[in-house]
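Everything on this sheet refers to the single structure shown next.
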Amino acid sequence: MTALSREDLLRGAGTAVRGSVWQDRYGSGAQPYFSICIPQFNRTSFLIENLRMLARQSFTNWEVCISDDCSTDGREAELLAELETLRVPYVYYRQPRNGRYDVNLRGSIALAGGAYCLLMGNDDCLAGPGILAEFADELKRHPEAGVAMANYEEFDGSKASRRVTQPGIAGSGPGIAVSRFRNFSFVSGVMLRTDRARAHATNKWDGSEMYQMYIGCRILAEGYSLLEISTSAVLRSIVIPGESVDSYAARPRVSQSRIEERRLPLTRMGGLVYDAVRPEAGPKSAALGTLIFVQIIVFTYPFWIVEYRRVQSWKYAAGICLGMRPRNLLEGVDLPLWRAALLRLIYAGVTAAGLLCPIRVFDFFHRPLYRAAKAAMRWVAA
C-alpha cells in the first residue's frame, strides 16, 4: 500500500477540518516538529481532557491530528468548538466508514505534517506542561532516532509502568526490534519518525490492534535507532467522575456450557512482528522469529490466561488457550520444523501452568518475573 499524503486523505470521501490556529501557524507551509496523532471513537470527554493538557504545553511547535472512526456519540461539533476555544492547532478527519483501531491510527498518521508523530490514546494525556519540550530536546540531541518511547503511569497514581529503565539510545536493527516489541503494546508516548511511518503504511495487519507495533519494529529493523526516555511522560486512563470507557474487564460474564475457541488479537502479534523484522534479518530470521514467539508464549500469553480466569471463567480462559494454539500463532510464518516443535512444547507447558496455577500465586510472582524477562531480552539484543 502506498503511503497516503495529507492532501490525499483530506480530499478523501470523509470530511476534514483544519483549525484556525493551524491555518495561522502552518498554512504558509511551515512544518510542526510534533504531530500528536490521536485515533478517536466516542470517548469525547476524555479526549477533551487530553487536549486541555496539550494546550498547556510550553513547547508550541506542534499540531494535533485526530482521526475519528465514525463516532456515534453526536459530540463532533462540541469537540471542534473546544479545539477552537483552546486555541489548539488541529487537523480533524472523520473516516468515511468505521474501520476500527488500526485503520484509525493509520489515518491519524496520514494527517501528520510534523517531523515526528507522537501517538496518544484518546483517554490518556501528557503528565505535565513541559513534556513536549523534553521530548523535543531529547530527539534533537539524538537525530539518528527513528523511534522513541517514554514511561507512563496511571492517571489516579495507583501504578507506574516502566517500559524504559536505561534512558538513551538503545540501538537499532532487527535484534533491538525483537527485544523491545512488547513495549509498543501501550500506544501513548510512542514517537515515530513521520516519513518512515508513512513509507511503511500498510493494511496487512488491520484487526491486530497493534499497528504501532508493526510500524515501530519496521523502522527499527531497517536501521533507525530507538531512543528510550525514562520520564513518566503519560498519564494513562483519565478519570472523569460518572463516565467510563469500554473495557474487557467490565464486560458481563459469558455463561457457557462448553469450551469454545476464542482468538484474541494477540494471536496475530507474533506474525506481525516477524513480518516487520524479516526483510532485514537475513540468516538470523529463524532465530529472531523463535525469540518473538517465545516472548509472546512465555511472557504475554500467561497473563491473559489468568486475567480471563479472573474476569470471566476457567472455561472462557481455556477458549483463549485454544485460540492461541501454535497452528494459529504460526499461521503464515515459515520456521524450521524443530523450532516450530519447540514452540509447541513451550505452549503446552505454559498453557497447563496458566490454567492450573492459583491466581494469587501468579499475581505474587508476575512482577518480578516480568522484570527478569525485560532484562533477559536486553541481554539477547546486546
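FYI, it's all coordinate maths here, none of it is from the lab. None of the values given here were measured: they were computed from a predicted structure. Cβ coordinates were reconstructed from backbone atoms using ideal geometry, including for glycine residues, and neighbour counts include every protein chain displayed.
Table for the structure above
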| quantity | calculated |
| --- | --- |
| Karplus-derived 3J(HN,Hα), 6.51/-1.76/1.60, for each residue of segment 102-117, Hz, glycine and proline x | 4, 4, 5, 5, 4, x, 5, 5, 5, 6, 6, x, x, 5, 10, 8 |
| Top of Asp24, Asp102, Asp69 by mean-square fluctuation, Gaussian network on the chain, Cα under 10 Å | Asp24 |
| Rounded to the nearest 20 debye, dipole of segment 248-381 from Cβ charges on Lys, Arg, Asp, Glu | 380 debye |
| Reach of Lys140 by Cα under 12 Å, taken over aspartates and glutamates that are not fewer than 8 positions away in the same chain | none |
| Cβ-placed point charges (K, R +1; D, E -1), dipole of the chain about Cα centre in debye, nearest 20 | 1340 debye |
| Residue with peak Gaussian network fluctuation, the chain [Cα springs, cutoff 10 Å], from Arg100, Arg87, Arg258 | Arg258 |
| Between segment 229-245 and segment 20-75, the alpha-carbon center distance in angstrom | 17 Å |
| 0 to 90° range, to nearest 10: angle between helix 337-356 axis and the chain longest Cα axis | 90 degrees |
| Value of [θ]222 nm, deg cm²/dmol, for the chain, DSSP H segments ≥ 4, -39500 (n - 2.57) each, nearest 500 | -13500 deg cm²/dmol |
| Residues whose placed amide H lies under 5 Å from that of Gln40, excluding near-sequence neighbours | Ser67, Asp68, Asp69 |
| Residues whose placed amide H lies under 5 Å from that of Ala127, excluding near-sequence neighbours | Val234, Leu235 |
| Residue of Arg52, Arg75, Arg268 that the Gaussian network model of the chain assigns the largest fluctuation, springs spanning Cα pairs under 10 Å | Arg75 |
| Chymotrypsin sites (Phe, Trp or Tyr not before Pro) restricted to DSSP loop in segment 139-216 with at most 11 other C-beta within 10 Å | none |
| Alpha-carbon centroid distance for the pair segment 77-126 / segment 305-358, whole angstrom | 36 Å |
| Theoretical FRET efficiency, 1/(1+(r/R0)^6), r = Cβ-Cβ of Leu322 and Leu345, R0 30 Å, to 0.05 | 0.95 |
| Dimensions (Å) - segment 248-381, Cα atoms, principal axes, largest first | 47, 31, 26 |
| Long-range HN-HN contacts of Ser161 with modeled amide H, under 5 Å | Tyr152, Glu153, Glu154 |
| Spacing of the two label points (7 Å from each Cα toward its C-beta) at Thr60 and Glu331, in nm | 5.2 nm |
| Contour minus Cα-Cα distance for Asn98 and Gln256 (0.36 nm per residue) | 53.9 nm |
| DSSP-defined antiparallel bridges as percent of all bridges, the chain, nearest 5 | 45 percent |
| Relative contact order %, the chain, counting alpha carbon pairs below 8 Å whose residues are six or more apart | 17 percent |
| Between helix 285-295 and the chain: long-axis angle, C-alpha atoms, 0 to 90°, nearest 10 | 90 degrees |
| Angle between the chain longest axis and helix 76-85 axis [Cα atoms, degrees, rounded to 10] | 60 degrees |
